[in-house]
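Below: one structure, written as structure tokens.
The values are calculated or read from the model by the stated rules, or taken from the named source; none is laboratory data. Just so it is clear, the model here is predicted, and its values are computed rather than measured. Cβ placement follows ideal geometry from the backbone for every residue including glycine, while neighbour counts extend to all protein chains displayed.
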Amino acid sequence: MAGTKALLTLENFINGKFVPCNSYLDSYDPSTGEVYCRVPNSGKEEIEAAVEAARAAFPGWSARSPQERSQVLHRLADLLEQSLEELAQAESRDQDHGQLSVSSGDEVSGWRGPRFRLRELGYVYHHVFSIPGEAAGLISPWNLPLYLLTWKVAPAIAAGNTVIAKPSELTSVTAWMMCKLLEKAGVPPGVVNIVFGTGPRVGEALVSHPEVPLISFTGSQPTAERITQLSAPHCKKLSLELGGKNPAIIFEDANLEECIPTTVRSSFANQGEICLCTSRIFVQKSIYSEFLEKFVQATRMWKVGIPSDPSASMGALISKAHLEKVRSYIKRARLEGAQILCGEGVDTLSLPPRNCAGYFMLPTVITDIKDESCCMKEEIFGPVTCVVPFESEDEVIQRANSVKYGLAATVWSSNVGRIHRVAKKLQSGLVWTNCWLIRELNLPFGGMKSSGVGREGAKDSYEFFTEVKTITIKH
Ligand code: NAD
């Protein structure tokens, strides 16, 4: 427990007011394993109140011009920027070394407001309107918590919707801090409602609510299945941003000086807890040994440390349960005869005594593993990556595509023709070549196959949060 200091206690934010809850959940600091705040354990009752507030605010908010809504969003973005230090501290507790990305002016400036197209066809005019879909339900995960929440809130309210958001119960503090800025930014009561709690309790109440016609969800594939089932009877509009099993494909003509540090970062940044992280590395046979040696050496330099250590590259994982899950994959790999080249069970982790009960582990490299192994098929979502050799271009494309996911991939080669050929054939919503995580937030973002349905990015999110209506007038 956090000693004698009073625990931070969060409240739901409904109709512009902070509202206490009848029951609370403990939230843990991943770097110590101690309870550091209490999060509302909301349910149906809180969702009813939030939906009522969102529906009451909708006529006024949606009637404002896109320019007025955009001004409010810009003010909110500025206030978030001004609170960056405080938010970053909270987020580093929410999740160590979580990158803080604020949906700021750049993202918001992409919104054009309801679009209007006019096409003349003889004496017939077609008018196409985008109209907001009313109260939208937004469910976000624990990794990059403020970034992924604001990436949903901004387009939804820019389009004229009002929202009920449910952040992850594991990382709720930054969302609660954002609520404190809404009034100052000029967001009217009821436009943004935030209800905290667990998925099965408050998440399901939101998804099943008949007056919430849109659900934008980012999280895991099993949760998406459940959300799809629950929303089916209401034919809800769904956007699903899900997990990945992202390959990096490294050809013999790759520039290893750039490729190795970038691939270490793509595998272990944010503890490997970014949906876009690399977890399968295919290396062409002729450079396999050289790559492996240099990659393991560079991984060992990737320092695991506590949040206040500026030299640390990686912090604790999000929870005890998640740490155990990640470790269980390494155990299974060992039992299958794979080699663990560095990290968990091979090297020693050194931490200050206060952090020994934190959820830390070393970045781990596995090799001699079959494509059929669960470590090569399932999303581990931690600092674990598998390195395997390949011989030909066709073979590696087929192997990279042989999993159910298709979120992100990386291709390393100095042959421009090959880069284009391979990138096009990969079943992946995003392909980076000779780089990783370079992103313009307005571009379409999202996965193929079981990695998701729909796309985020400014224009695509805007379209998700609106319905299209065509009116044809014959003269
Ligand atoms: P999760 O699916 O366990 O939870 C995500 C959110 O859904 C949380 O707010 C949770 O409380 C809620 N939830 C859980 N069960 C629910 C239910 N039955 N009904 C309604 N809501 C429910 O995922 P997570 O562990 O929080 O996040 C990690 C996952 O998110 C990984 O699979 C990762 O790849 C994925 N992710 C994807 C993207 C992307 O953009 N594609 C981005 C970040 C994370």
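Data overview
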{"read-out": "Residue match in region 301-322 (condition: closer than 20 Å to ILE380 by Cα and among the acidic types (Asp, Glu))", "value": "no"}
{"read-out": "Filter pass, ALA298 being small (Gly, Ala, Ser), part of a helix (DSSP H, G or I), in contact with a helix residue (DSSP H, G or I) (Cβ under 8 Å, 6 or more places away or on another chain) and at pLDDT 95 or above", "value": "yes"}
{"read-out": "Wholly enclosed strands (runs of 3 or more DSSP E) of region 1-85 bearing at least 1 residues of a type in the set (Ser, Thr, Tyr) and crowded, with 19+ Cβ neighbours inside 10 Å", "value": "24-29, 34-40"}
{"read-out": "Verdict on ALA232 being of a type in the set (A, V, I, L, M, F, W, C), under 19 Å from GLY137 (Cβ atoms) and within 16 Å of the ligand (Cβ to nearest atom)", "value": "yes"}
{"read-out": "Residues (farther than 9 Å from ILE139 by Cα and within 7 Å of the ligand (Cβ to nearest atom)) located in region 211-221", "value": "SER220, GLN221"}
{"read-out": "Listing of strands (runs of 3 or more DSSP E) fully contained in region 392-475 that carry 1 or more residues being surrounded by 14 or more Cβ atoms within 10 Å (Cβ to Cβ) and within 16 Å of the ligand (Cβ to nearest atom)", "value": "408-412, 430-433"}
